[in-house]
Amino acid sequence: MATIRDVAKLAGVSVATISRYLNKSGYVNAETEQTIRSAISKLNYVPNHVARGLAGKKTNTIALLLPDISNLFFSDLARAVEDVAAMYGYTVIFGNSDDQGFKEKKYIETLKNKYIDGIIFASYTFERDEADMLTKLGIPFVCLDRGPSEATSSIVRAKNREGAVMAVRHLLEIGCRKIAHIYGPQHLVTAKERLIGYEQALADADWYSPSLLEPGNFRIAEGIKATEELMSRHPDIDGIFAGNDQMAIGSLKALNRMGISVGEQVAVCGFDGIQTTEITSPELTTVAQPIYDMGATISRLLIKKIEGKLDEDKLYELDVKLIIRDSTSRRTSTHEQT
Ligand code: RIB
């Protein structure tokens, strides 16, 4: 194991400078910082107190990095992670990354020195070099929902593509013949898979056009805006599949504002299965992800990994369920009469 002296020697600075850099207890210029960082990486140096914390000294604490806990999808996930962790005697600390790489990196830096036993990443910007760095440091980690498939860890998510196909097939079955899709940020594997599922389900629709696609960022306001865009572009849209429930709720709001009857004139289907879908008016049809199971499964996997009982890392894709409610209960449509 490299020592602080080895780092100082390789970086060509004093031990005191290295210590100042590590403890952020004084000025170190940017160039020296960079030299020190590359020396630490080359020597695979782990500060003594961190090594003690990680090597064998367990703290029974795990971290859960989420994109945005204000979205009920993630707060429900967090609830499940914490319930299961507590069953095994672990405490969970949470952080919001907002899918921002720099925030995530800051959390990883902080968590590295805070004696955590493992990390669950439910965010996106998790890159390969971070995976390698955590592996080098011996910090077990797993990915949830958005984690990139090539991450060197176990990943738990829902069957997003199949769920999107279920949503669109349902809209077709109730007679929709002009179905739009409000899609989530395409750098996220979940949003990308849902868009693929939507297009797959409409492969034989002669009326399909890419102009029936509108981007959103998984938030309510974007769902409102996207619906207004779509309806002005295609007033004859009679079905909308939104890439998550928050955008679907925005869609309900926009259609209500336009005096359009949801269900009879335009059917709306969401994705996630958050509780809010039970209290909207009309209640929202959605593709429900097994949110609690996802959180419980990832929590168990990480704890097994921490305790050296996980045989292999792999991708777990859990089944989704279509919950049909009034937002897609169309009266007999003109199409059905013909
Ligand atoms: O609502 C937030 C969305 O981001 C969910 O659909 C979830 O799958 C995540 O990717």
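The values are calculated or read from the model by the stated rules, or taken from the named source; none is laboratory data. Bear in mind that the values here come from a model prediction, so they are computed numbers and not experimental data. Glycine also receives a Cβ, built like all others from the backbone with ideal geometry; neighbour counts cover every protein chain displayed. Protein only, heavy atoms only, side chains kept; ligands, DNA and RNA dropped before computing areas. Shrake-Rupley method; radii C 1.70, N 1.55, O 1.52, S 1.80 Å.
Observations on the structure shown:
- The chain - mean residue ellipticity at 222 nm from DSSP helices (-39,500 (n - 2.57) per run, n ≥ 4, rounded to 500): -13500 deg cm²/dmol
- Global geometry of segment 170-260, whether rounded, prolate or oblate, following the gyration tensor of its Cα atoms and the 1.5 cut on a/c: oblate
- For the listed residue pairs 225/253; 192/305; 24/136; 9/106; 42/136; 105/192, the alpha carbons are over 18 angstrom apart in 192/305; 24/136; 9/106; 105/192.
- Given a 1.4 Å probe and the protein chains as shown, residue 129 ends up with an accessible area of around 100 Å².
- Computed with a 1.4 Å probe over protein heavy atoms only, the accessible surface of the chain comes to 46 Å² per residue.
- 240, 306, reordered so the largest accessible area comes first (probe 1.4 Å): 306, 240
- Residue 98 paired with residue 196, simple spin-label distance in nm, labels 7 Å along Cα-to-beta-carbon: 3.0 nm
- Dipole size of the chain about its Cα centre, with +1 on Lys/Arg Cβ and -1 on Asp/Glu Cβ: approximately 1440 debye, rounded to the nearest 20.
- Cα→Cβ-extended label distance, 7 Å offset, between residue 59 and residue 75, nm: 2.7 nm
- Anisotropy class of segment 4-51 from Cα gyration tensor, a/c 1.5 cut: oblate
- Computed extension length for residue 16-residue 87: 21.2 nm, one decimal, from 0.36 nm per residue of separation with the Cα-Cα distance subtracted.
- Gained length - residue 30 relative to residue 6, 0.36 nm times residue gap less alpha-carbon distance: 6.6 nm
- A prolate overall shape is assigned to the chain, the ratio a/c of its alpha-carbon gyration tensor axes (a ≥ b ≥ c) being 1.5 or greater and a/b exceeding b/c.
- Extension gain, residue 314 to residue 281, is 7.9 nm, computed as 0.36 nm per intervening residue step minus the present C-alpha separation.
- Longest site-free stretch - the chain; sites: GluC sites (Glu not before Pro), DSSP loop, at most 12 other Cβ within 10 Å: 151-311
- Accessible carbon and sulfur surface of segment 4-51 relative to its total accessible area, %, 1.4 Å: 51 percent
- Using a probe of 1.4 Å on the protein chains alone, the accessible area found for residue 231 is around 20 Å².
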